[in-house]
1. From the phi angles alone, apply the Karplus equation (6.51, -1.76, 1.60; θ = phi - 60°) to region 83-99 and give each ³J(HN,Hα) in whole Hz, x where the residue is Gly or Pro.
2. Would you kindly find the accessible area of LEU89, with a 1.4 Å probe and non-protein molecules such as ligands, DNA and RNA excluded, rounding to the nearest 10 Å²?
3. Relative contact order of the chain, please, whole-number percent, based on alpha carbon pairs below 8 angstrom and at least 6 residues apart.
4. Please give, to one decimal in nm, the separation of the simple spin-label points placed at TYR22 and GLU63, each 7 Å out from Cα toward the Cβ.
5. For LYS34, which lysines qualify as cross-link partners when the Cα separation must be under 21 Å and same-chain residues fewer than eight apart are set aside?
6. Students often check this: by mean Cβ neighbours within 10 Å, which of 31-37, 17-23 ranks highest, and how do the rest follow?
7. Just flag the trypsin sites (Lys or Arg not before Pro) in region 52-95 sitting in loop per DSSP whose Cβ has no more than 11 other Cβ atoms within 10 Å.
8. Run lengths n ≥ 4 of DSSP H only: what is the helix-derived mean residue ellipticity at 222 nm for the chain, with -39500 (n - 2.57) per run over all residues, to the nearest 500?
Amino acid sequence: MTNDITLAQTLDGATLDSFLLYLEDMPNTAKTYKSCIKRFKLWLKDQPDAQQPTTNTIRRYKEDLTKRGYKPNTVHLYMVAIKQWVKWLESIGKYPNIA
């Protein structure tokens, strides 16, 4: 799979809504993941590689959460949400799995 489509294009509300529909049997999980992914999207806007994030981008986000004082369990939850989302994006052919 190539990176012809930027993650920014994939971050549109329709794609996130589709992911949340995928999780419809788990409403609490969907609500939590939505919050985690929205925060990641906000953080990503200020990054130099915002258009084509990589595994390193996600690693930097994890480091940033830790520096901001998020507890390890919270950081882990954010990473799980992002990893599941990126895995799903790959499964539908929207973006390679960078997590």
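The values are calculated or read from the model by the stated rules, or taken from the named source; none is laboratory data. Owing to the predicted nature of the structure, the values given are computational and were not obtained by experimental measurement. Positions of Cβ are backbone-derived with ideal geometry, glycine not excepted, and every protein chain shown enters the neighbour counts. SASA here: full protein model, heavy atoms, side chains in, ligands and nucleic acids out. Shrake-Rupley method; radii C 1.70, N 1.55, O 1.52, S 1.80 Å.
1. 4, 5, 5, 5, 4, 5, 4, 5, 5, 9, x, 8, 6, x, 6, 9, 8
2. 0
3. Details: 74 pairs, mean separation 39.3, N = 99.
Worked out over the chain, it gives 40 percent.
4. 2.8
5. Excluding near neighbours in sequence, the set is LYS45, LYS62, LYS71, LYS83, LYS87, LYS94.
6. Numbers: 31-37: 17.1, 17-23: 14.9.
Descending packing order for the listed peptides: 31-37, 17-23.
7. Working: sites: ARG59, ARG60, LYS62, LYS67, ARG68, LYS83, LYS87, LYS94; in loops: ARG68, LYS94.
Filter output for region 52-95: ARG68.
8. Calculated at 222 nm, the ellipticity per residue is -21000 deg cm²/dmol.
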